[in-house]
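Accompanying notes for the structure given below.
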Amino acid sequence: MSGQDLEFETGRSREGRRCSAPNPTGRNQHRNCRMSPSLIELYEPPENVVRAATKDDSRVEEALRDYQRRNIVNKETIKQLLLAEHGIEMSTATITRRRKLLGLKGSGATTKSLPETQKRQLILDQMAKHPTPKWRSTPPVVLAHGVSRRVSLATRSSVYPDILSRDYISAEMHALDPDGFVIRQPKSKKKHRVALVVLGPDFEWSCDGHDKLSGIGFPIWGVRDVWCGKWLGLWVVPNNRLKRVIAYLYLRLVKERGGMPVQTTTDRGSETTGVYAFASALREEFSRDLPVDQLPAHRFLPSIENTTIERGWLRLRLEWGDDVKLFWEAGKDIYNEMDPRQYELVQYLWPKLIQQELDSLRERLNNHKPRRDNAKLTPTGVAPAVAYTLAERYGGERGLQPVDTKLIEGLMEELGGEDLVRFVSRDYEARADEIFSTIGVEKLSFANVWMVFERMLPLM
């Protein structure tokens with residue numbers, strides 16, 4: 001039997017590679033002509049891969065709308081994400097047709113289609129939303145997300161990406177307020193940075209607290225992947241200076257991810273010693289093959305050198321951090337913190353609102369595609385969420401170290417459980433949730449939070 005015949009009969013080449021049959025089902029102009037079941041089995045795709053999807057497959061529509069909402073419009077990237085996340089094989093041509101049927105467009109096409117007056121008004125409306133004196137220093141990329149949210153809310157749709165292109169927004173902002181870009185020019189002396197070297201996602205997590213809202217009682221703690229910059233967690237907590245709280249959040253993230261990183265990085269604050277202790281103990285228990293002396297489970301760094309998370313805080317402040325304090329101060333004639341009833345209601349409403357906004361911000365930042373930086377050794381010019389999911393495409397190795405999640409749950413309860421990060425009791429939260437559902441407000445926001453406070457207070 002020739003090599004070609006061998007390949008056709010067995011479905012494998014001489015080197016052992018699986019071959020593609022020209023007509024695996026045997027359908028042709030001849031009746032009753034089918035390939036044998038044994039050969040069909042050789043050409044079937046893996047169990048977790050669907051070779052194609054029909055037009056009415058709801059999974060494809062949901063996935064494409066989700067990618068559009070996350071501002072992922074590159075056809076090749078969508079193709080690989082469909083396979084990696086949903087097990088669906090689809091060509092780029094088919095993806096283009098499906099997106100067209102669903103009316104999904106990128107920012108360039110949308111920018112061309114909208115009238116000039118409407119585009120300019122969208123930008124002006126978004127610039128006016130920032131109440132801080134530094135509103136004019138808002139970067140164009142932040143404004144792009146804001147315009148997208150405005151259109152999505154107006155149309156009750158969640159499929160809009162950044163509806164206007166970043167270049168168009170930047171050009172309009174320069175024309176409308178050129179002095180705003182002068183304000184953004186950095187004036188401080190900068191520390192020289194070197195390129196980060198990390199092998200892949202979950203090799204190193206960068207952790208830190210954010211205290212800009214501590215003055216009004218709502219500190220934040222977060223974790224970011226060093227390799228791709230993806231925000232793995234952002235939480236508002238009663239106190240981000242307690243090591244039990246920080247250790248609990250670290251363990252909760254380990255449980256959610258199903259594993260721990262090769263290494264965690266924090267500043268030298270005393271509250272991080274709990275993270276150090278648990279990271280070292282879990283390494284000893286589940287990853288003994290990694291040498292602790294050469295690759296410690298935890299590193300303490302000066303804050304200025306914990307660059308991955310520190311740079312992330314700047315984006316958080318630019319997005320809404322400065323504005324939150326002004327929205328808070330808008331209630332100074334309404335709220336009396338010495339009144340226990342008022343204090344408890346504020347402790348229910350504001351953490352709920354801030355966490356809601358943090359979740360939304362985390363999703364936007366994780367799906368934002370930054371400009372390419374050729375000096376970086378880690379993924380660049382790609383959204384962090386995409387790089388994290390398709391790590392191999394961007395030269396990354398996965399570093400997550402599996403752990404026993406039941407053991408992690410036990411450790412979390414021993415620390416104090418969810419009560420460590422709660423602002424009000426479970427009973428109070430349940431009662432407040434029920435009352436909130438009756439006051440006719442669809443969604444809590446910074447614009448309506450004090451109005452909601454006034455409506456709920458007499459009912460509590």
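The values are calculated or read from the model by the stated rules, or taken from the named source; none is laboratory data. Please read these numbers as outputs of a predicted model, since none were measured by experiment. Positions of Cβ are generated from backbone atoms using ideal geometry, with glycine treated the same way; all protein chains shown enter the neighbour counts. These area figures cover heavy atoms from the full protein model, side chains too; ligands, DNA and RNA do not enter into them. Shrake-Rupley method; radii C 1.70, N 1.55, O 1.52, S 1.80 Å.
Figures for the structure shown
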| item | result |
| --- | --- |
| Over 30 Å between alpha carbons, listed pairs K243/K369; K100/K376; K332/K352; K212/K406; K75/K255; K243/K443 | K243/K369; K100/K376; K212/K406; K75/K255; K243/K443 |
| Whole-Å distance, taken between Cα centres, linking the range 356-402 and the range 420-439 | 35 Å |
| Cβ-derived FRET efficiency at R0 22 Å, E256 paired with D404, nearest 0.05 | 0.95 |
| Gain on full stretching of the segment that runs from L242 to V441 - 0.36 nm per residue minus C-alpha separation | 68.1 nm |
| Accessible-area value, L101, 1.4 Å probe, nucleic acids and ligands omitted, Å² | 130 Å² |
| Low-density loop positions, GluC sites (Glu not before Pro), the range 304-382 - DSSP coil, at most 13 other Cβ in 10 Å | E337 |
| Pairwise label distance in nanometres, R426 with L295, each label 7 Å out on the Cα-Cβ vector | 4.0 nm |
| Rounded if a/c under 1.5, otherwise prolate or oblate - the range 58-104, Cα gyration tensor axes | rounded |
| Accessible area in the full protein assembly, largest first, 1.4 Å probe, for R422, R283 | R422, R283 |
| Length gained when the stretch E363-T380 is fully extended (0.36 nm per residue, less Cα-Cα span) | 4.3 nm |
| Rounded accessible area of Y394 (nearest 10 Å², 1.4 Å probe) | 70 Å² |
| Extension gain (nm, one decimal) between M338 and R288, 0.36 nm per residue minus Cα-Cα | 12.7 nm |
| Heavy atoms of H298 accessible to a 1.4 Å probe, total area in Å² rounded to 10 | 10 Å² |
